[in-house]
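J.: Pasting a structure here, questions to come.
Derivation of every value follows stated rules applied to the coordinates shown; laboratory data play no part. All values derive from a computational prediction rather than experimental measurement. Cβ atoms come from the backbone with ideal geometry, glycine included; neighbour counts cover every protein chain shown.
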Amino acid sequence: MKKLFILSLIILFAISLLANEKQQAPKFELQNMKGEVVKLSDFSNKLVLLDFWATWCVPCLKELPHLSKLQSKYGEDIQVIAIDVDRPRSISKAKAYIKSNKFDFITLFDSNGEVTDLYNITNPPRTILINPAGEIIFEHDGYKRGDEKQLEAEIVKWISQKSSKSDTLSKKKSQSKLEEAKSESGNE
């Protein structure tokens, strides 16, 4: 009985370790509105917000204006990439929708479903945050009013963590330079 209990604890511990491990985002390249190839790796210095959407998806169309606002507000730190999953015959409709709304994000087209399959998208909208290390740090399925607040909170959390890390690094560099200056002035 005691061995069974210990074995159960070990299994639970292993599962919790696996659950905390961040999943790597699959790499991809797709065409943008101008037909140019864009790669996920082109944005390795920013937090990437991927959003899978379609013109026939009403919640998707309601979510896109909020994503554009997030891009405008946090564009220095993030890149919103809206991936249209419509079939080839609907791409012109998707392009017209994006142009008419003047959204402030990158739109890519996955009409053959390859990237949709890579990310296991079954129904849009699906939103995924990917950190500069290429790790998926947040995922959300669907959209209802107010979801954009949760998404913004995740973005702000990442930006503040990034800022605190860079502040710590800057302080260490400054302290190192100060110590160098002290030792140089002491040697003269």
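J.: Report, in listed order, any pair from 69/149; 69/102; 22/73; 73/149 with a Cα-Cα distance greater than 20 Å. Don't skip to the answer; put the middle values down first.
T.: Values: 69/149 12 Å; 69/102 11 Å; 22/73 27 Å; 73/149 13 Å.
Pairs exceeding 20 Å: 22/73.
J.: How long is the gain from residue 62 to residue 34 if the chain were fully straight, where each residue apart is worth 0.36 nm and the alpha carbon distance is subtracted?
T.: Here the answer is 7.7 nm.
J.: Same structure, new question: For segment 66-115, compute the orientation-averaged projected area of the C-alpha convex hull (one quarter of its surface), in nm².
T.: In nm², the orientation-averaged hull projection of segment 66-115 is 3.6.
J.: Using the Cα atoms of segment 13-123, I'd like the radius of gyration and the largest Cα-Cα distance, Dmax, both in angstrom.
T.: Rg, Dmax (Cα atoms, Å): 15.0, 52.
J.: Additional query: Tally Lys and Arg at +1 and Asp and Glu at -1 over the other residues with C-beta under 11 Å from the C-beta of residue 42: what net charge comes out?
T.: Around residue 42, the charge tally is +1.
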